[in-house]
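The values are calculated or read from the model by the stated rules, or taken from the named source; none is laboratory data. Just so it is clear, the structure is predicted and the values come from calculations on it, not from any experiment. In this analysis, Cβ positions are derived from the backbone assuming ideal geometry, glycine residues included, and neighbour counts consider all displayed protein chains.
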Amino acid sequence: MIDEWVMKLEKANKPRFLNSKLYAEIIRNVENAMLYDYNLIIEEFEFYQQLRPRMQTELIDTIFIDFIEKFWPFFKHCKLGFRNEFIISMLVRLFKTNETVISYGERVRYIYFLQEGCTTLYDLQKRRVL
């Protein structure tokens with residue numbers, strides 16, 4: 001379905017075509033959004049907000065069990081209502097190798113959960129890797 005969507009996008013852009021690198025990047029980003037943008041549950045399905053809190057928790061526990069288990073040290077201290085709202089508000093962000101996520105001195109605006117890969121934390125004042 002994603003391929004069909006990109007083909008329609010390309011046809012709408014005639015006579016120019018998408019180069020293969022851009023095409024592959026679009027496919028990757030859309031696939032990751034479908035897999036990891038947990039806010040789709042509230043954007044695409046109206047029923048979630050209509051469920052009682054207990055049923056919301058059951059749904060979150062069922063759908064996002066792997067994610068919750070992976071980051072249990074963070075979530076074990078959260079109230080269930082907060083945890084549920086937190087999870088369904090999450091968006092996927094892809095970063096390239098060696099890309100700076102947060103620059104030195106910049107305010108942190110988001111909480112990042114690293115699903116795959118690794119990162120380096122660097123303290124410029126102490127000039128060392130943490």
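Conditions first: (1) closer than 27 Å to Tyr112 by Cα; (2) modelled with pLDDT under 70; (3) not aliphatic (A, V, I, L, M). Glu44 passes all but one, so which condition is the exception?
Single failed check for Glu44: (2).
Can you work out which of the residues in segment 47-78 that are of a type in the set (D, E, K, R) and under 20 Å from Leu94 (Cα atoms) is modelled with the lowest pLDDT? Let's see the steps before the verdict.
Let us first name the residues in segment 47-78 that are of a type in the set (D, E, K, R), namely 52, 54, 58, 61, 66, 69-70, 76.
Remaining after also requiring under 20 Å from Leu94 (Cα atoms): 66, 70.
Numbers: Asp66: 88, Lys70: 91.
The qualifying residue modelled with the lowest pLDDT is Asp66.
Just give me the residues in segment 38-84 being among the hydroxyl-bearing types (Ser, Thr, Tyr) and either in contact (Cβ under 8 Å) with a residue 24 or more places away in the chain or on the phi > 0 side of the Ramachandran plot (or both), in sequence order.
So the first thing to find is which residues in segment 38-84 are among the hydroxyl-bearing types (Ser, Thr, Tyr), and the list is 38, 48, 57, 62.
Residues satisfying the conditions are Tyr38, Tyr48, Thr57.
Residues Thr62, Thr97: which one is loosely packed, with under 10 Cβ neighbours inside 10 Å and either among the acidic types (Asp, Glu) or not in a helix (DSSP H, G or I) (or both)?
On the way: Thr62 fails: either among the acidic types (Asp, Glu) or not in a helix (DSSP H, G or I) (or both).
None of the others qualify; the one that does is Thr97.
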